[in-house]
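The values are calculated or read from the model by the stated rules, or taken from the named source; none is laboratory data. Everything numeric in this text was worked out from a predicted model, so none of it was measured. When we count neighbours, we look across all protein chains shown, and the Cβ atoms used for this are built from the backbone with ideal geometry, even at glycine.
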Amino acid sequence: MDAQKSTGTESYLNWPLWQRDIILVILCIVSVLATTASPLLAADSVELALKFQCTFEDAALLTAYHLAGVGVGSLLFVPLARVWGKRHVFLIGSLLMIASSAWGGSTHMGYNYTSMVWARVIQGVALAPFESLINACVGDLYFVHERGLRMAFANVSLFGGAFLTPVFVGIIAHNIGWWWSFYFIAIFMGGGFLLLLFLCPEVAYRRPDRLNTDMMTASSESLDPNTVLYDEKSPTEQVIPRVRGNAWKPLRISPFDGRKTDESFWKLFLRPFPLFLHPAVIWACLLQGVIIGWTVMVGVILSLIFLGPPLFYNEEQAGKMYTAAFIGSILGLLIAGVYTELTTRFMVRRNNGRYEPEFRILLVIPTLIFAASGLYGFGITAAKVARYGWLVPEVFLALIVASMVMGATASAQYLLDAHRDIAIESFTCLIIFKNIFSFILAYFAYNWVFSGGIERLFIIFGSIEVAICALSLPMYVFGKMSRDFFHRHDLLQIFRLR
């Protein structure tokens, strides 16, 4: 089990599960709307290059600059969320997304490339609260044994649902114009803002330290490396009385309900940077950030594959090619949720009823199988699309995206369970690394494809991914020792940030 229940009704762990699930579903719905901004131009890159009179590389950079905005926004919004709670940053992100999407759509009237660049950057900033805080909300709302499928669901909303965007964007661009894709985001995000305002309360709770049994803080006693860090029984063996909560009694419209910590904003702002020295954070950045980067790379070049020779698809046909990616995200959700729950319960029984966060790392096994198969297969078949047709590379694309969902879920769950006290800062590290890596890939995508070829490129990517997944073995074996070491040698204390 996770953090102990408080007797106060403000603790969200006291609420009935269905109420917490409704809040998570609302957050995920708005996250899906926000993440549609990332692949918004995937099916239209050729048309945009012609309309804005820029190169294909410049058209691809519209995605790269957007990703840079996400990274910058995460650095700002995460400490704000730590100090004042998460509700107000979700509301700010929604408003920024509405404004920047309307701005981006309006650029069709003058085709000003610089204006489009800044609209895309602000869209990235608007997306940042959702990318960096949704996983942490799962930790706020649920016990350890309740998080598995819900964490996978949250990651699908962040990374998987966006792959359906190019399907609709292609249809919209072909029939009424690419700019309406921006306008539709603004319209639907307006509805999302109202959902957040009226139905989604603040989920951050200033819980007494004595109740945070899933958080390892500096004030805790040093742990012997031979003891079990998470001394938690299997959820089937524990019965905890339900305390009646006050989920919407009534929900305050105000975006703030007081400070959540007395710590300095600037200390919280700087906290993620020392964590890049933490082995668990390094492993999670590589596992999650790199596989997401490969999917960004595919998204950038997919229109090139299908819009150009030998297929010469139009925007609508090219957009439909992303359907496989969405199917892959759903497949990844199902596998991640079911596999994680089954393996965790199995390992808990084998471990005499004791839970260890390292059990979450076992999800890397199917991640490796799907990622290697998908990357190698996509590279070989997409390079010879005239021979294999459109369907075969689409199948491999689905495998890549499924592995992305599983890898993102494994890394997020492990950080949340093993290092709950630095979870938000760790997720910020993931966002920063992911967006820097994805920016580099998007920046050089066309040059690498034209110089090295798709097949050679994706064989290299697949080999890198296999090596990264292999790092999970020492992480699984030595993870407990690492947790104990960094509990006794707190990086944030060493850098005087705690």
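General remarks:
- Here Pro279, Pro309 are screened, and the one residue that is under 23 Å from the mean Cα position of the chain (by Cα), at pLDDT 75 or above, of a type outside the set (Ser, Thr, Tyr) and on the phi < 0 side of the Ramachandran plot is Pro279.
- Among all residues of region 484-496, there is at least one that is closer than 16 Å to Glu358 by Cβ and surrounded by fewer than 19 Cβ atoms within 10 Å (Cβ to Cβ).
- Against the numbered list (1) more than 19 Å from the chain's Cα centre (by Cα); (2) at pLDDT 95 or above; (3) closer than 17 Å to Lys260 by Cβ, Trp118 comes up short only at (3).
- As a summary of the residue check, Ile22 satisfies the conditions (1) within 19 Å of Phe153 (Cα to Cα); (2) touching a helix residue (DSSP H, G or I) at 6+ places or on another chain (Cβ under 7 Å) except for the one numbered (2).
- Some residue of region 214-226 being modelled with pLDDT under 90, in contact with a Phe, Trp or Tyr (Cβ under 8 Å, 6 or more places away or on another chain), exposed (fewer than 13 other Cβ atoms within 10 Å of the Cβ) and in a loop (DSSP other than H, G, I, E, B): no
- Conditions (1) surrounded by fewer than 19 Cβ atoms within 10 Å (Cβ to Cβ); (2) without any contact (Cβ under 8 Å) to a residue 40 or more places away in the chain: number failed by Asp58: (2)
- Residues that are more than 19 Å from Leu430 (Cβ to Cβ) number at least 3 in the following helices (runs of 4 or more DSSP H) confined to region 57-161: 87-106, 113-141.
- Looking across region 171-200, the residues that are in a loop (DSSP other than H, G, I, E, B) and crowded, with 19+ Cβ neighbours inside 10 Å come down to Trp178, Cys200.
- Subset of region 455-498 that is out of contact with any Gly (no Cβ under 9 Å at 6 or more places or on another chain) and of a type in the set (Gly, Ala, Ser) - its residue that is farthest from Glu425 (Cα to Cα): Ser463
- Residue satisfying condition, being under 26 Å from Ala64 (Cα atoms) and crowded, with 16+ Cβ neighbours inside 10 Å, within set Ala408, Ala418: Ala408
- When Gly258 is tested against (1) at pLDDT 70 or above; (2) surrounded by 14 or more Cβ atoms within 10 Å (Cβ to Cβ); (3) in a loop (DSSP other than H, G, I, E, B); (4) not aliphatic (A, V, I, L, M), just one condition goes unmet, and that condition is (2).
- Some residue of region 287-297 being modelled with pLDDT under 90, buried (at least 17 other Cβ atoms within 10 Å of the Cβ) and under 25 Å from Ala42 (Cβ atoms): yes
- Residue match in region 458-473 (condition: within 21 Å of Leu286 (Cα to Cα), acidic (Asp, Glu) and in contact with a helix residue (DSSP H, G or I) (Cβ under 6 Å, 6 or more places away or on another chain)): yes
- Of all the residues in region 325-351, those that are more than 19 Å from the chain's Cα centre (by Cα) and buried (at least 21 other Cβ atoms within 10 Å of the Cβ) number 2.
- Residues that are closer than 15 Å to Leu76 by Cβ and touching a Cys at 6+ places or on another chain (Cβ under 6 Å), drawn from region 265-281: Pro272
- Qualifying residues in region 427-444 (those that are in contact with a Pro (Cβ under 8 Å, 6 or more places away or on another chain) and not aliphatic (A, V, I, L, M)) - the one nearest to Val78 (Cα to Cα): Thr428
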